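Report on the structure given below.
The values are calculated or read from the model by the stated rules, or taken from the named source; none is laboratory data. None of these values were measured; they are calculated from a predicted model. Cβ placement follows ideal geometry from the backbone for every residue including glycine, while neighbour counts extend to all protein chains displayed. With ligands, DNA and RNA removed, areas are computed over all heavy atoms of the protein, side chains included. Shrake-Rupley method; radii C 1.70, N 1.55, O 1.52, S 1.80 Å.
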Amino acid sequence: MTASAPITQDVLTLPRKEPEGGKINLVGLTRDRMREVLMEHGTPEKQAKMRVGQIWQWIYQWGVRDFSEMTNLAKAYRAQLEETFEIRIPEVVSKQVSTDGTRKYLVRINGGHEVEVVYIPEDDRGTLCISSQVGCTLTCSFCHTGTQKLVRNLTPAEIIGQVMMARDDLEEWPTPGAPKDETRLLSNIVLMGMGEPLYNFENVRDAMKIAMDPEGISLSRRRITLSTSGVVPEIARTAEEIGCLLAISFHATTNEVRDVLVPINRRWNIDELLQSLANYPKVSNSERITFEYVMLDGVNDSDEDAHRLLEHIKRYNIPAKINLIPFNEWPGAPYKRSSNNRIRAFANIIYQAGYASPIRKTRGDDIMAACGQLKSATERARKSRKQIEAEAGMGQS
């Protein structure tokens, strides 16, 4: 295995500007920014904070998209809002439902771009896997999503809009005045879809603050998990400014192998990453950090790898659980899934050392909605195994 994989692309991604003269979308604005735009368009300063609270509740607690339904606002003010503003979320292009109940949505955002969103129902929770970028910068060689080039970052409206879209489909918006129902079909969010969330930090942060706001969608920070491949400088900011749970796409125990599997390792190596993780729970008062580890036959699945992984975690005293992920093969993938016996043996070494080592159950793979398989339909062109191996730096040197 050679370490010649392409390093993370240095790409400046600019948010797409809204067309001139169109209505202003209130979705995705922070409370402070919503107050500013309301005042800029005629809301008296003394009323602005109260109006933000009222509109916020209609949008994010009740899921209302029509100003005329906001009945605690005066009719004239509702008409004024309608002239200038809109409440717009991504458009569902298609929905597929797996035999296991997993739902995969293809949604269209501004500019005609498309991203994928996955809802995974379980007995004790319902998890929505959302995207943060169109495409991905990271070129991880085992990940189908990573074979799609980065187009642009998603805006806060497009990120939180995925959550709102899923609540629409699940018919989960409560009815004003009805008794409160604490059971939730959508109870957890994971930022594990298309893109690297920490290369779109501010937009992800603002969207997650909306998701956590107690007067709206009201998800606990412990119900939100952000998955990163290891953008070390932004990990401390995540603890301080979001405070959600953290998952790391780790996948290898030596720099030589991780350089190929997760090329960002060539910028911030394993020791630099582990040092940043050691500080994270202290800052955010978070629970254990999840180490995501995809099991690749003959690449990273040996007993020696399991022992090295434990050494890394113990050396930096990181509260951790290790989530073992059977590789979800996709057309042209340059790797094979580890055998069930090998995965169980690896998990047992971790478990015997006192760490949780759940083996992730593959969900939605019949509709290409499983981990690492997301790639929007417009970019689904299949490549040959040799092409992908060459791009991943796996060719003979």
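No other residue among Ser229, Ser220 is at pLDDT below 95 and under 12 Å from the mean Cα position of the chain (by Cα) apart from Ser229.
Residues of segment 263-280 include none that is small (Gly, Ala, Ser), under 25 Å from Arg360 (Cβ atoms) and part of a loop (DSSP other than H, G, I, E, B). The set of residues in segment 94-113 being free of Cβ contacts under 8 Å to residues at least 24 places away in the same chain and either in contact with a Ser or Thr (Cβ under 8 Å, 6 or more places away or on another chain) or exposed (fewer than 15 other Cβ atoms within 10 Å of the Cβ) (or both) consists of Gly101, Gly112. Taking the stated definitions as given, is Thr71 surrounded by fewer than 16 Cβ atoms within 10 Å (Cβ to Cβ), touching a residue at least 24 places away in the same chain (Cβ under 8 Å), more than 28 Å from Val262 (Cβ to Cβ) and of a type in the set (Ser, Thr, Tyr)? Taking the combined requirement at face value, the residue does not satisfy it.
Any residue at all in segment 290-305 that's farther than 25 Å from Ile235 by Cβ, in contact with a helix residue (DSSP H, G or I) (Cβ under 7 Å, 6 or more places away or on another chain) and open to solvent by 40 Å² or more (accessible area, probe 1.4 Å)? Checking segment 290-305: at least one residue is farther than 25 Å from Ile235 by Cβ, in contact with a helix residue (DSSP H, G or I) (Cβ under 7 Å, 6 or more places away or on another chain) and open to solvent by 40 Å² or more (accessible area, probe 1.4 Å). So Val117 clears everything in (1) surrounded by fewer than 21 Cβ atoms within 10 Å (Cβ to Cβ); (2) under 30 Å from Arg266 (Cα atoms) except one condition, right? Which one? If we test Val117 against (1) surrounded by fewer than 21 Cβ atoms within 10 Å (Cβ to Cβ); (2) under 30 Å from Arg266 (Cα atoms), just (1) comes out false. A count restricted to segment 185-229 and to residues that are buried (at least 20 other Cβ atoms within 10 Å of the Cβ), among the acidic types (Asp, Glu) and out of contact with any helix residue (DSSP H, G or I) (no Cβ under 6 Å at 6 or more places or on another chain) stands at 1. Only one entry of Ala79, Ala48 meets the criterion of being part of a helix (DSSP H, G or I), over 26 Å from Ala166 (Cβ atoms), open to solvent by less than 40 Å² (accessible area, probe 1.4 Å) and free of Cβ contacts under 8 Å to residues at least 40 places away in the same chain, and that entry is Ala48.
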